[in-house]
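So the structure is just underneath, and the comments pick up after that.
The values are calculated or read from the model by the stated rules, or taken from the named source; none is laboratory data. These numbers were taken from a predicted model, which means no experiment stands behind them. All Cβ positions, glycine included, derive from the backbone under ideal geometry; neighbour counts span all protein chains shown.
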Amino acid sequence: MKITRELKTGVIAVLVIALFIWGYNYLKGLNLFDGQIKTYFTEYSNVQGLNTASVVTINGVDVGKVVDIKFNNSPEKRGNLIVEFSVENDFEFSKNSIAKIYSTSLMGGKSLAIVPSYEGETALPGDFLKGEIESDLFSSVSEKLNPLQAKVESVIKSADSLMTGLTDVLDVKSRESLKSSILELNATVTNFKHASANINKLIVNNDEKLTKTLDNATLMTNNLAKLSDTLVNANLGLTIKNIENTVDNLNKVLAGIENGDGTLGKLLTDEEMYINLTNASKELEELLREMKLHPKRFVHFSLFGKKDKGYTPEEEK
């Protein structure tokens, strides 16, 4: 049987088309020779660099590829990205499983990992799995450094404000005054050192005297303790009580005198008695003055027992 040129051309064209289709799907991550392929869907707001032909893994084993990434046309989820991925393995998992985007290297390559769950209804091709994004090293460091960076910037601003304030306050005159104060402080510290050295020297030179003084103080303390014991044994409380009784009696006597009780009280409070005593004192003073000036009026003396003829005013003259 002779094969015509047209047949050869048709066969070659079919093979080229089939090869093209196979190559296109292979580049998309689909191998047409692997039999029936199961595809699932998940959704993200940001795919973090995930692209078609990215590897899909389960527990670290490659089980498929990312087939397609397209925008969600739903008005409620506008801007979200729907990721279609294939699973060439017969491994079964439930609809509660998670499709997580993770970094495969420090260079930022992304892959899709299925975190399987075995509870609930088994996932079928075409089902949607919950999508999550795992923070990579740089994202984690960046998230932790962002608050620290804000705090550092705040501290730097505060330090800058402080330095500006210090510059405004510490003008040339203030800096000179501060320098002078520091020098005076150094001098004070030096003097204190000298004084401390002198005190130490004084203590060393008078160590024996200080020891004696402390011994005397101890002896005095012991004597005071003995005196305290003596006062306690001497029934000091009874003595103080007797003194209190005496003071009470004295207060009663003074109160009686103030109230006019008794002779002394009447003498101090009776005005008439005071006037009488004053008059008697005056009369006694006049009598003594009269006796001093005219003693013959009051004293009569005769050597021979002659009777006194009586006093006449002319005799005084």
Practice item. Considering only the range 33-69, state which residues are of a type in the set (D, E, K, R) and more than 23 Å from S103 (Cβ to Cβ). Key: D34, K38
Review point. How do the pairs read when you match residues in the range 98-111 that are in the same structural domain as V61 (by TED's automatic domain parsing) with residues anywhere that are of a type in the set (D, E) and modelled with pLDDT under 70, using Cβ under 8 Å and keeping only pairs 6 or more apart or on different chains?
Key: Y102/D136; S103/D136; G108/D136
**Study point:** In the range 69-88, the residues that are modelled with pLDDT of 90 or more and out of contact with any Leu (no Cβ under 9 Å at 6 or more places or on another chain)
**Key:** N80, I82, E84
Check your understanding: Could you list, in sequence order, the residues of the range 89-141 that are in a loop (DSSP other than H, G, I, E, B), small (G, A, S) and modelled with pLDDT under 80?
Key -> S105, G108, G109, S135
Exercise for review: Of all residues in the range 43-57, count the ones that are of a type outside the set (A, V, I, L, M, F, W, C), under 23 Å from E76 (Cβ atoms) and part of a loop (DSSP other than H, G, I, E, B).
Suggested key: 3
Check your understanding: If you take the residues of the range 59-97 that are among the hydroxyl-bearing types (S, T, Y) and touching a residue at least 12 places away in the same chain (Cβ under 8 Å), which of them is nearest to L124 (Cα to Cα)?
Key -> S94
